[in-house]
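Q: Quick one: the structure is below, and I'll ask about it shortly.
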Amino acid sequence: MLDLLAPTQLAVPAFTILILAEMIIGWKSGRARYEGKDTMTSMLMGLGSTVAGALSAAFFIGVSYWVWQNFGIFDMGTALWVFALAFVLDDLAYYWIHRMGHRMRWMWAAHVIHHSSQHYNLSTALRQTWTGAFTPGILFKMPLFLLGIEPAIVFFVAGINLVYQFWIHTEAIDKMPRWFEYIFNTPSHHRVHHANNPRYLDANYAGVFMAWDRMFGSFIPERKDEACRYGLVTDLGTFNPLRVAVHEWLGIFKDIWSAKDWKHKVLFLLAPPGWTPDGSRMTSDMIRAAWLEREAIKKSGKVTGDKNTIAAE
Amino acid sequence: MPFTQFIGSLIAVAIVALIAARLFPTKNKLTKERVINNVARYCPHINLASAPPLVYLSENNATAVAVFPNRSDGFAIASALGDRVVVREIPDAKLVTITKSENGLSFNLGDFTQPTIEIQMPADQRQALISKLTSRPSEKPEPAHA
């Protein structure tokens, strides 16, 4: 087994220094905002995620190597170009894991944690799941192992991918140069991803390359006339890391328990978050459709004085 | 992860959070305007512009109840969470357990991340709010957000 460094572990001291730097910049300029308890929760979620990842690592490494050794089509070796290819393909796999993390409630139960802060700063990048091991996310990486890329290389480039995504969780940077905004994921693109404005829901899933969002129709640019408002459609009412970590899983169990038939039980797991058999809750598609309807009515002049679009806080 | 590294990380987290709390102290309490703005954001399906909700603020300005005057059912509870606001729309008063506490009212929401919300208010206001919430005829619950 190839012995490679763990980029995320090496980057932790830099993460801490950059968070402190952003805090000071925000304190002086107002371009970034922190809150003590929110920061504490985000960083504890990050620490817990590292522990949870370490506990499940042996299982995922074992499965990945078993697939690679027994079913790998080619022997790709360890040349530099293999690392480059692995980085691009892993980023594509990340796009689909991330997209399914928003569109399938089973995977959302783990990913929702990352979106549960109403703040958007570098500490939000560390607000990571403790329960990713209980989702089918690893399946999206299988094609890389089947292609013959050694799992250690895939895990290494995935680490670099995650390290890249740290710096984009900031409001302190407005826009990068146009060419950079076109090719790479940036703070502007990722702000849209974290926004709960109906216009911005379920967009910009990219890890590093924005090509995937442009290719698969999920790209939405940030608008000057609509500031991002961060958090969940229904925000959490707690800073307690344990409640943050498991709240959606509990919701799924409750829904499955009370579902009338097996089809509904399965759909509570596989359908988008907010799906219910009777439509009593709203999926992001329904929220966006309702918003579009309200916008159309406003434009047609049927309703006057509707102030409900104000960006509260 | 070695135990010493874990403890060291916990200490680092506490220090960073403490610095954040010192640099960005939470000053903004709830005001009627802030409650209405946030209720409007959470409940875009309700046109609040033509009929603003009646807002009952708690004594410590940490929580508030917003009653919709033009709707026979439903109200919203806003609570400050750090420097932000969380709103829960209650489509029907019967969906929550409301109990009188020593200094006000306690709403049991059955919400895992916010099981109970306490609203401190004087006895007269408390009584007025209870009658407002319980006297109205209820209808079918409105859809809640995802």
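The values are calculated or read from the model by the stated rules, or taken from the named source; none is laboratory data. If you're wondering where the values come from, they're calculated on a predicted model, not measured in any experiment. A quick note on method: Cβ atoms are made from the backbone with ideal geometry, for glycine too, and the neighbour counts reach across all protein chains shown. We work out accessible area using only protein heavy atoms, side chains counted, and drop any ligands, DNA or RNA first. Shrake-Rupley method; radii C 1.70, N 1.55, O 1.52, S 1.80 Å.
Q: Between exposed trypsin sites (Lys or Arg not before Pro) in chain A, where DSSP calls loop and at most 10 other Cβ atoms lie within 10 Å, what's the longest gap?
A: Longest stretch, sites excluded: A:1-223.
Q: Now for a separate question. Taking just the C-alpha trace of segment A:97-168, give me its Rg and Dmax in Å.
A: 13.5, 41
Q: If I require 18 Å or longer along the helix axis, counting alpha carbons, and a Kyte-Doolittle average no lower than -0.5, what helices from chain B are left? Use full DSSP H segments.
A: Sorted by number, the helices that extend far enough and score high enough are B:3-23.
Q: Further question on the same structure: In the protein assembly as shown, what percent of the accessible surface is made up of carbon and sulfur (1.4 Å probe, ligands and nucleic acids excluded)?
A: Answer for the protein assembly as shown: carbon and sulfur cover 64 percent of the accessible area.
Q: Still on this structure, I have one more. Taking the Cα centre of each part, how many Å lie between segment A:273-296 and segment A:55-88?
A: Cα centroid to Cα centroid, the span is 40 Å.
Q: Further question on the same structure: Remind me, relative contact order of segment B:73-130 in percent, using alpha carbon pairs under 8 angstrom and six or more residues apart?
A: With pairs under 8 Å counted, the relative contact order is 22 percent.
Q: Just checking the output field for B:36-49: average partner chain Cβ neighbours within 10 Å of each residue's Cβ?
A: Whole-number average of other-chain Cβ neighbours for B:36-49 is 5.
Q: For the modelled label position 7 Å from the Cα of residue A:20 along Cα-to-Cβ, which residues of segment B:7-21 have backbone nitrogen atoms closer than 13 Å?
A: Inside the label zone: B:12-20.
Q: Select from segment A:241-256 all residues whose loss of accessible area on going from the chain by itself to the full protein assembly reaches 40 Å² or more (probe 1.4 Å).
A: By number: A:243.
Q: Still on this structure, I have one more. For residue A:1, put the label point 7 Å out on the Cα→Cβ axis and report which residues of segment A:51-67 keep their amide N under 14 Å from it.
A: Inside the label zone: A:54-67.
Q: Express the relative contact order of chain A as a whole percentage, based on alpha carbon pairs under 8 Å and six or more residues apart in sequence.
A: 22
Q: I need to check one value: relative contact order of chain B, counting alpha carbon pairs closer than 8 Å and at least 6 residues apart, in percent.
A: Computed value for chain B: 18 percent relative contact order.
Q: Lysine pairs in chain A with alpha-carbon atoms under 17 Å apart, 8 or more places apart or on different chains: how many are there?
A: Lysine pairs, 8 or more places apart or on different chains, close enough: 5.
Q: If we restrict to alpha carbons, what Rg and Dmax does segment A:1-147 come to, in Å?
A: So, for segment A:1-147, Rg and Dmax equal 17.8, 57 Å respectively.
Q: Two-decimal Rg/Rh of segment A:231-302 from alpha-carbon positions, Kirkwood Rh?
A: On the Cα set of segment A:231-302, Rg over Rh gives 1.10.
Q: Computed over the Cα atoms of segment B:1-136, what is the ratio Rg over Rh, Rh following Kirkwood?
A: When Rh is taken as the Kirkwood radius, the ratio is 1.10.
Q: How big, on average over all directions, is the shadow cast by the Cα convex hull of chain A, in nm²?
A: Mean projected area for chain A: 18.7 nm², to one decimal.
Q: Full extension from residue A:61 to residue A:280: what is 0.36 nm times the residue separation minus their Cα-Cα distance, to one decimal in nm?
A: That works out to 74.7 nm of additional length.
Q: Just to be sure I follow the definition: excluding the sites themselves, where is the longest run in chain B that has none of the GluC sites (Glu not before Pro) in a DSSP loop with at most 16 other Cβ atoms within 10 Å?
A: Answer from the scan: B:1-58.
Q: Once the mean 1/r over all distinct Cα pairs of segment A:147-224 is inverted, what Kirkwood radius in angstroms do you read off?
A: Value: 13.4 Å, from the Cα pair sum.
Q: Tell me, what is the Rg over Rh of segment A:189-313, with Rh the Kirkwood radius over Cα pairs?
A: 1.01
Q: For peptide B:82-91, how many partner chain Cβ atoms fall within 10 Å of a residue's Cβ, on average?
A: Mean inter-chain Cβ contacts per residue within 10 Å come to 5.
Q: When only DSSP loop residues count, what chymotrypsin sites (Phe, Trp or Tyr not before Pro) in segment A:12-81 have their Cβ near at most 15 other Cβ atoms within 10 Å?
A: Loop-located and lightly packed - A:74.
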